[in-house]
């Protein structure tokens, strides 16, 4: 199955890599827009624009997944800040308050001629954060101009008291609900091609771990890319298999 992630987001790519799907990235070539005042409808509209734009760029069948995210608080949408100053002001406003991470997702299934959109919401409860610590964060956090100025994968995790909802939704791809919607479309996980597949142990041969690593390196990734492209748990799983193998 041809799977397309209709997003240039670094974090969404990392989430798909974590799952292990084989996919390609094609981004929208149009500017997304929505006039909706409803924040949930707003992110759905933008995700639809992204998915539709990619649909128009390709030929043949594919499963296209697009997403768009915002942070919403007290009637205001917080999108990607344009400067470190704006990121500072965003965190300052969120200090001690509850924000709502909203991600709209659109799936266009060209195999079954179906389209589905949904939105997921996660409450992010911030601690009271001193301005000196916000300044420290803005000066030291990589990718500061993403996700309203904070990412829970980074130093902003220090400032969060609790989450209510899907952690991955805050990052930009609600994988739990995505799984549910793929099931509703009639898919199981075995329908998707995996980028890294465990084979059988050959008699008298090496563990397939090394064959898989060599294959990935042969595809143009070095050892550092392995740690970036695949999470540590996945590497540990393969190493465990290697240790248990009769080699």
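Would you mind getting me the FRET efficiency between residue 179 and residue 125? Use the beta-carbon distance for r and R0 = 30 Å, nearest 0.05. Could the numbers behind the result be given before it?
Working: r = 25 Å, r/R0 = 0.85.
After rounding, the FRET efficiency stands at 0.75.
Can you list, bin by bin at 10 Å, the percent of alpha carbon pairs in the stretch 3-191, starting at 0?
9, 36, 34, 16, 4, 0
State, in angstrom, two size descriptors of the stretch 1-45 derived from its alpha carbons: Rg to one decimal place and Dmax to the nearest whole number.
In order Rg, Dmax, the Cα atoms of the stretch 1-45 give 13.2, 37 Å.
At 7 Å along Cα-to-Cβ for each site, give me the label-to-label distance between residue 37 and residue 61 in nm.
4.4 nm
Binned at 10 Å from 0, what are the whole-percent values of the Cα-Cα distance distribution for the stretch 45-86, short to long?
Distribution as computed: 23, 36, 25, 14, 2 percent.
Per the Debye formula with a single identical scatterer at each Cα and no solvent contribution, what log10 I(q)/I(0) holds for the stretch 100-189 at q = 0.11, 0.15, 0.22 Å⁻¹?
Scattering profile of the stretch 100-189, log10 relative to I(0): -0.42, -0.66, -1.04.
Could you work out how much longer the chain between residue 157 and residue 74 gets when fully extended? Use 0.36 nm per residue separation minus the Cα distance between them, nm to one decimal.
27.7 nm
Quick check on packing: order 85-93, 108-116 by the mean number of other C-beta atoms within 10 Å, highest mean leading.
With the highest mean Cβ count within 10 Å placed first, the list reads 85-93, 108-116.
Please give the per residue volume of the convex hull enclosing the alpha carbon atoms of the stretch 1-105, rounded to a whole number of Å³.
117 Å³
Compute the FRET efficiency between residue 132 and residue 194 as 1/(1 + (r/R0)^6), taking r as their Cβ-Cβ distance and R0 = 51 Å, and round to the nearest 0.05.
Given R0 = 51 Å and the Cβ-Cβ separation, E is 0.65.
Which whole-number percentage describes the relative contact order of the stretch 23-176, with Cα contacts under 8 Å and a sequence gap of 6 or more?
24 percent
None of the figures in this text is laboratory data; all of them are computed from the coordinates on show. On a predicted model such as this, the values are computed, not experimentally measured, just so you know. Glycine gets a Cβ as well: all are built from the backbone with ideal geometry, and neighbour counts include every protein chain shown.
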